[in-house]
Amino acid sequence: MHPMLNIAIRAARKAGNHIAKSYETPDNVQITQKGTNDFVTNVDRESEHLIIEVIRKSYPDHTIITEESGELLGKEDEIQWVIDPLDGTTNFTKRFPHFAVSIAVRIKGRTEVAVVYDPMRNELFSAVRGQGSQLNGYRLRGADARELDGAIVATGFPFKQKQHSVVFMNIMSKMFESCADFRRTGSAALDLCYVAAGRVDAYYEIGLKPWDFLGGELIMREAGGIMTDFVGNHNYLASGNIVAGSPRIVKDILSVMREELSEALKR
Ligand code: 2AM
Ligand code: CA
Ligand code: CA
Ligand code: CA
C-alpha cells in the first residue's frame with residue numbers, strides 16, 4: 001500500500017471513531033458560531049488534533065492545511081496534507097447522522113492520495129492517483145451517468161453567500177426540467193464520494209473550500225468522473241464553484257448553467 005495512504009487511513013479512522021463516540025454524548029458537544037450559518041464544535045477541533053498528531057508522527061516536515069487551524073508550514077512545502085476534520089458539522093450538531101473526515105495529500109499541487117471516512121456507516125472511501133478508488137476495499141466505477149435527463153443530482157445551497165441565491169434557484173429550476181430529483185446531504189466530501197459510488201449521478205455547489213472537495217475529487221475522478229468550475233474551466237480551487245460527474249453529465253449541466261449564470265459565477 002502507498003505509505004501515505006496508510007497514514008491517511010489511520011488518521012481518518014482515529015478521528016472518525018472519536019466523532020462517532022462524541023455523537024453518543026451530545027451534552028459534551030460545545031457549539032460556537034464562526035459566521036453566518038457557520039458553526040464549529042470542540043469535536044471538529046479534537047478530530048483535527050488527532051489527525052495532525054498521526055501525520056506529524058510519520059511526516060514531521062510536511063505542510064498541513066486544515067479548516068480550523070489554517071496552514072501549519074513544514075520544512076517540506078511541496079507536500080501538503082489538506083484536511084477537513086469534520087465535513088458536515090451542521091448535520092453533526094443536529095444529530096443528522098451524515099458527516100465525514102476528509103484527507104487529501106497533494107504533491108507539487110497535484111492530489112496523489114485521498115481518504116474520506118464516514119464513521120456512522122463505517123464507510124472508508126480512498127484513492128491513489130492512477131490506481132482507482134475504493135470503498136472498503138471494493139473498486140468504485142460509479143461516475144458513469146449517460147446524461148442529465150433522469151439523473152439524481154446532489155447540490156448544496158449557498159448558505160453563506162445568499163447574494164447568489166436567485167441565480168442558484170434559477171439554475172436549479174432549469175435543471176429540474178430534465179433531471180429526476182435533487183439531494184442536499186450537507187457533506188460535500190460525501191457528495192463527491194457518492195458520485196464515485198453511483199449513489200448520485202452528479203454534484204455541483206457554489207463557494208466550497210479546498211478541504212471540502214480535494215479528497216472527494218480524487219476519489220470521484222478515479223471512479224471515472226471529471227470536475228470543472230461553472231464554465232468548464234479548472235479555476236475551482238480559487239472560486240470554489242464545482243461541477244462533478246461523468247464527462248457527459250458535466251457537459252449537460254454546464255450547458256444548463258451557461259444560460260443562467262451571473263458574471264460573478266463565471267469566474
Ligand atoms: P463543514 O461542515 O466542514 O463546514 C458544503 O455544503 C459544505 O459547507 C459542507 O460540506 C459543510 O462543511 C459546509 N457548511 C457549513 N455550514 C453549512 C450549512 N449551514 N449548511 C450546509 N453546509 C454547511
Ligand atoms: Ca466548517
Ligand atoms: Ca467542509
Ligand atoms: Ca469541517
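Solvent-accessible area of R248, all protein chains in place: 140 Å² (probe radius 1.4 Å, heavy atoms, ligands and nucleic acids excluded). The residues of region 45-185 expose, per residue, 48 Å² of accessible area to a 1.4 Å probe. Counting charges near V153 (Lys, Arg +1; Asp, Glu -1) among other residues having Cβ under 13 Å from its Cβ returns a value of -4. When +1 charges are put on Lys and Arg Cβ atoms and -1 charges on Asp and Glu Cβ atoms, the dipole computed for region 150-256 relative to its Cα centre reaches about 180 debye.
Using the Stokes-Einstein relation with a Kirkwood hydrodynamic radius computed over Cα pairs, the translational diffusion coefficient of region 174-267 at 25 °C and a viscosity of 0.890 mPa s comes to 187 µm²/s. Rounded to the nearest 20 debye, the dipole magnitude of region 1-137 is 340 debye, with +1 charges on Lys and Arg beta carbons, -1 on Asp and Glu beta carbons, and the Cα centre as origin.
DSSP assigns beta bridges within region 150-256; of those with both partners inside it, close to 50 percent run antiparallel.
Among the lysines of the chain, pairs that are 8 or more positions apart or on different chains and have alpha carbons within less than 21 Å of each other number 19.
Mind checking which of G16, G132, S178 is farthest towards the positive end of the chain's charge dipole, using Cβ charges of +1 (Lys, Arg) and -1 (Asp, Glu) about the Cα centre? About the Cα centre, the residue reaching furthest to the positive side is G132. Charged neighbours of S246, selected by a Cβ distance under 10 Å, balance to -1 (K, R count +1; D, E count -1). Rounded to the nearest 20 debye, the dipole size of the chain about its Cα centre is 300 debye, using +1 on the Cβ of Lys and Arg and -1 on the Cβ of Asp and Glu. When all protein chains stay in place and ligands, DNA and RNA are ignored, the 1.4 Å accessible-area order of F159, F99, largest first, is F159, F99.
Calculate, in whole percent, how much of the Cα-Cα pair population of the chain lies beyond 22 Å. Taking all Cα-Cα pairs of the chain, the fraction more than 22 Å apart is 53 percent. From the alpha carbon centroid of region 103-144 to that of region 250-267 is 28 Å. The accessible surface of the chain, taken with every protein chain in place and a 1.4 Å probe, is 48 percent carbon and sulfur. Across region 150-256, Cα pairs under 8 Å and at least six residues apart give a relative contact order of 28 percent.
In terms of Cα atoms, the Rg and Dmax of region 34-88 work out to 12.0, 37 Å.
Along the chain, counting only GluC sites (Glu not before Pro) with a DSSP assignment other than H, G, I, E or B and at most 14 other Cβ atoms inside a 10 Å radius, the longest segment between sites is 25-146. Taken over region 1-158, the percentage of Cα pairs per 5 Å bin, counting from 0 up to the bin with the maximum distance, is 2, 8, 17, 19, 18, 16, 11, 6, 2, 0.
The values are calculated or read from the model by the stated rules, or taken from the named source; none is laboratory data. Quick caveat: nothing in here was measured; it's all calculated off a predicted structure. Don't worry about glycine lacking a Cβ; one is built from the backbone with ideal geometry, like all the others, and counts go over all protein chains shown. These accessible areas exclude ligands, DNA and RNA; they are computed on the full protein's heavy atoms, side chains included. Shrake-Rupley method; radii C 1.70, N 1.55, O 1.52, S 1.80 Å.
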